[in-house]
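Enquirer: Right, I'll just put the structure down here and ask away after.
The values are calculated or read from the model by the stated rules, or taken from the named source; none is laboratory data. Please read all numbers here as calculations on a predicted model, not as lab measurements. Neighbour counts are summed over all protein chains in view; Cβ atoms, including those assigned to glycine, are modelled from backbone coordinates with ideal geometry. For accessibility, only protein heavy atoms count, side chains too; no ligands or nucleic acids. Shrake-Rupley method; radii C 1.70, N 1.55, O 1.52, S 1.80 Å.
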Amino acid sequence: EQPDSEYHQISAKPSQKLLLRWMRANPLLFKEKMLSACNLPYTRKEIVEESTASKITSRKKFFSSNMSLSYDEPIEMLGSALQYMYSADGKTYLDCVNNIPHVGHCHPKVVEAGQKQMARLNTNSRYVYDSLNEYSKKLLSSFPDSLSKIFFVNSGSAATDLAVRLAKKHTGRDGFQVLEHAYHGNTSTAIALSPYKFDGKGGGGKGDGIQVLGLKAYGLGIKTPDSRLPRCNRGIPPAAFIAESVPGCAGQVLLDKEQMQDRVRWIRKHGGLYIADEVQTGFARVGKYFWGFELYDVVPDIVILGKPIANGHPMGAVVCSNEVAKSFETGMEFFSSFGGNPVSCEIAKTVLEVIEDEGLQANALEVGDFLLAELKSIKSPGILEVRGTGLFIGIEFVKNQKAEEPDPETASAIVAEMKNRGFLLSTDGPYENVIKFKPPMCFSKENAKELIKELTQILLTSRQTDN
């Protein structure tokens, strides 16, 4: 009742500390310990009816083999809370890589917002309801004034699809410039823009009208076979240059500011657009800014949003200039059955409120700067580079510093050992030699210290073994 009263909060502080300790405890293990202390019979088998292995076997019957699982020994998850996840074997994991539950797994305010709206009204945007306008106004207020129109869809992939349609209609062209190793989604249109997919296993290669811009030309440390910057596509300037603001699948890399500004100037000089993909980096994750494109002091014509926008609830959006939106008004209606529904809008609006109320942008900057500094201070011959910004960081491993030979085996082994110690991480980059770090935004400095301690121990043990 009096949160600002230091006197009244004296007794609250110990209870808050206890609640934080309890939140780290796996509910199954907690229940088992409590019942055991009361001499009451209880085993986890009462909750887990069949083993994880048998569930994986059943899964293989239902799904194609290309629906992958994380880790060689997959984890059966039963619950989660903010930056923690709880497995069926009673273990608690600190989530260091899941950037979709942006403000935290099962955040109580987000859950409550969805529950209340779901019990009241869920319909489509052909009807008038307050949450659509309220959320649109709040979201657009975070963008530069020139980005004033919004379309709602159900995922980042669907947003990419729509952004391509907008760019084609506005320019009358069908070619696109993309960055090497880029990934923009799982639709056919998005895959065609994603070298990470079309140049990877099972990919069909680059299609007509696609230019791949070499990352090395952007001043990055990743080795690439081709650093040339093509100027046009079949003699015609492309419809747009599309780029992740901080390429994730390329290995959590920051682009060169001057190169980005030059590329945006060039595309506009030739009548094209700049599309910023903020699916992974948006909503204050980069710390210093709310949007990743602000790192380069450029303003896009179109912005793609997804993943964190609604904390795991399926939602996506495209934000664009009034001019681009006008070009799309051809008489054909745009309609997404669930895009912008009131449940999604209430959840997404609450995500924005939580980011602001809990100071999560400042947290991303403070914890991210601390983690970058600590990681860079680790002396290991296997680490080529630590890079990133805010809570979006990559650690690149090599076998030889001079030759910069990628070392995916070490990166993978470290991820596996960190999992054994209760930390969820994964690898990325063109050679899978980059450990990526992009946790829920509530990840704390204490969590960062735990991570650094365990990672340092593993690297030290590995070095002693090598010697």
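Enquirer: Taking the condition of being assigned to a loop (DSSP other than H, G, I, E, B) and more than 24 Å from the chain's Cα centre (by Cα), how many residues in segment 140-171 meet it? Show your work before the answer.
Expert: First pass over segment 140-171, keeping only residues assigned to a loop (DSSP other than H, G, I, E, B): 141-146, 154-155.
Add one more test, that the residue is more than 24 Å from the chain's Cα centre (by Cα), and what stays is 145-146.
Final tally of qualifying residues: 2.
Enquirer: Hey, another quick one. Here is a check on your reading of the model: is Leu94 on the phi < 0 side of the Ramachandran plot, open to solvent by 60 Å² or more (accessible area, probe 1.4 Å) and in contact with a Pro (Cβ under 9 Å, 6 or more places away or on another chain)? Full working, then the answer.
Expert: Values: on the phi < 0 side of the Ramachandran plot: yes; open to solvent by 60 Å² or more (accessible area, probe 1.4 Å): no; in contact with a Pro (Cβ under 9 Å, 6 or more places away or on another chain): yes.
Judged against the criteria, Leu94 is not a match.
Enquirer: Something else about it: Among the residues in segment 41-62, are any more than 25 Å from Pro108 (Cβ to Cβ), surrounded by 10 or more Cβ atoms within 10 Å (Cβ to Cβ), of a type in the set (Asp, Glu) and modelled with pLDDT of 85 or more?
Expert: no
Enquirer: Still on this structure, I have one more. Give the residues of segment 172-191 that are part of a helix (DSSP H, G or I), farther than 13 Å from Ala240 by Cβ and open to solvent by less than 60 Å² (accessible area, probe 1.4 Å), sorted by residue number.
Expert: Residues of segment 172-191 part of a helix (DSSP H, G or I): 188-191.
Then drop every residue that is not farther than 13 Å from Ala240 by Cβ, which leaves 188, 190-191.
Scanning segment 172-191 gives Ala190, Ile191.
Enquirer: When you go through (1) farther than 15 Å from Cys249 by Cα; (2) among the polar types (S, T, N, Q); (3) at pLDDT below 95 one by one for Thr171, which number turns out not to apply?
Expert: Tallying (1) farther than 15 Å from Cys249 by Cα; (2) among the polar types (S, T, N, Q); (3) at pLDDT below 95, Thr171 fails exactly one: (3).
Enquirer: Checking the structure you have, find out if any residue of segment 175-189 is among the charged types (D, E, K, R) and closer than 21 Å to Cys345 by Cα.
Expert: Residues of segment 175-189 among the charged types (D, E, K, R): 180.
Narrowing further to those that are closer than 21 Å to Cys345 by Cα: none.
The answer is no; no qualifying residue exists.
For (1) surrounded by 18 or more Cβ atoms within 10 Å (Cβ to Cβ); (2) of a type in the set (A, V, I, L, M); (3) outside any loop (DSSP other than H, G, I, E, B); (4) modelled with pLDDT of 90 or more, each residue gets a yes or a no:
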| position | (1), (2), (3), (4) |
| --- | --- |
| Ala217 | no, yes, yes, no |
| Lys223 | no, no, no, no |
| Arg231 | no, no, no, no |
| Gln261 | no, no, yes, yes |
| Val264 | yes, yes, yes, yes |
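Enquirer: Residue check: is Pro300 out of contact with any strand residue (DSSP E or B) (no Cβ under 6 Å at 6 or more places or on another chain), of a type outside the set (D, E, K, R) and either touching a residue at least 12 places away in the same chain (Cβ under 8 Å) or open to solvent by less than 10 Å² (accessible area, probe 1.4 Å) (or both)?
Expert: Details: out of contact with any strand residue (DSSP E or B) (no Cβ under 6 Å at 6 or more places or on another chain): no; of a type outside the set (D, E, K, R): yes; either touching a residue at least 12 places away in the same chain (Cβ under 8 Å) or open to solvent by less than 10 Å² (accessible area, probe 1.4 Å) (or both): yes.
It is false that Pro300 is out of contact with any strand residue (DSSP E or B) (no Cβ under 6 Å at 6 or more places or on another chain), of a type outside the set (D, E, K, R) and either touching a residue at least 12 places away in the same chain (Cβ under 8 Å) or open to solvent by less than 10 Å² (accessible area, probe 1.4 Å) (or both).
Enquirer: Do the conditions hold for Ser380, that is, is it among the hydroxyl-bearing types (Ser, Thr, Tyr) and under 27 Å from Ser87 (Cβ atoms)? Before the answer, list the steps.
Expert: Numbers: among the hydroxyl-bearing types (Ser, Thr, Tyr): yes; under 27 Å from Ser87 (Cβ atoms): no.
So Ser380 does not fit the description; no.
Enquirer: Which of the residues that make up segment 72-99 are assigned to a loop (DSSP other than H, G, I, E, B) and at pLDDT 95 or above? Steps first, please.
Expert: Filtering segment 72-99 down to residues assigned to a loop (DSSP other than H, G, I, E, B) leaves 72-76, 83, 88-91, 96-99.
Of everything in segment 72-99, those that are assigned to a loop (DSSP other than H, G, I, E, B) and at pLDDT 95 or above turn out to be Gln83, Cys96, Val97.
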